[in-house]
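The values are calculated or read from the model by the stated rules, or taken from the named source; none is laboratory data. Model, not experiment: these values are computed from the prediction. Here the Cβ positions follow ideal geometry from the backbone for every residue, glycine too, while neighbour counts run over all protein chains shown.
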Amino acid sequence: MIVIVDYGVGNLGSVQNMLKRIGVPSVISSDVEIISQAEKIVLPGVGAYAHAMERIHAKGLRQVLDFVALEKKVPVLGVCLGMQLLLDFSEEGDCPGLGWISGRVCRFPRRIDVKVPHMGWNIVTSPSTDPLSSGLERDSRFYFVHSYYALVEREEDSVFKCLYGGVEFDAAIHRNNVFGVQFHPEKSHKFGMKLFSNFARVQ
């Protein structure tokens, strides 16, 4: 069973509906016991980085999330802000994250010719073969909504790259059992369905 973590910040229903469409059972929960027994975890997120980390701590979820990800090695998928939380640090609120994948989150440059947030469909490119990208078309498109972007420290942790406003950033990441996507697969039609199906097959 996939547990979609409810920490008060996220597009929970849409994620669960997309999983249901592809025949993957899931439950939305903030219960520590349920999360600790999960076979897989989806960590969604929308809004501000610092607020999201505050909510994780306020709900007493940091310890159980570290336990399932780092000790039990349960596959975890961070979505949008949830992906950014997997990294070490964000400029948004000058705030540390979970630190499961080495990297940082930066703000898109303030320029007249660049609209922020980055919103809408964009093509991603894959620098390497990965279970998350298996079977996806070469020029797969996903739906983005974000004002900050992720940069991983180790290039081998990058699954997808995306270019916006002259900035190339990591649109999907993976290290060991931890995965993350900057875009919204639950809003990305057939591409998102394929990506969720790939994650559901990860052992």
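Scanning region 1-36 for residues that are free of Cβ contacts under 8 Å to residues at least 40 places away in the same chain and basic (Lys, Arg) turns up just one, LYS20.
Return the residues of region 31-60 that are surrounded by fewer than 21 Cβ atoms within 10 Å (Cβ to Cβ), in contact with a strand residue (DSSP E or B) (Cβ under 7 Å, 6 or more places away or on another chain) and among the small types (Gly, Ala, Ser); say none if nothing qualifies. Selection gives ALA50 alone.
Within region 14-26, which residues are assigned to a helix (DSSP H, G or I) and in contact with a strand residue (DSSP E or B) (Cβ under 8 Å, 6 or more places away or on another chain)?
As a first pass, look at region 14-26 and keep what is assigned to a helix (DSSP H, G or I): 14-21.
Passing the criteria: VAL15, GLN16, LEU19, LYS20.
The combined condition, being at pLDDT below 95, over 30 Å from MET1 (Cβ atoms) and aromatic (Phe, Trp, Tyr), is not fulfilled by PHE169.
Name the helices (runs of 4 or more DSSP H) wholly inside region 27-71 in which the number of residues that are of a type in the set (Val, Ile, Thr) is 3 or more.
Working: elements: 32-36, 49-58, 62-66.
Qualifying helices (runs of 4 or more DSSP H): 32-36.
Strands (runs of 3 or more DSSP E) fully within region 154-203 that include at least 2 residues being surrounded by fewer than 19 Cβ atoms within 10 Å (Cβ to Cβ): 158-164, 167-175. If you go through region 159-195 and keep only what is under 17 Å from GLY78 (Cβ atoms) and in contact with a His (Cβ under 8 Å, 6 or more places away or on another chain), you end up with VAL159, GLY180, GLN182, GLY192.
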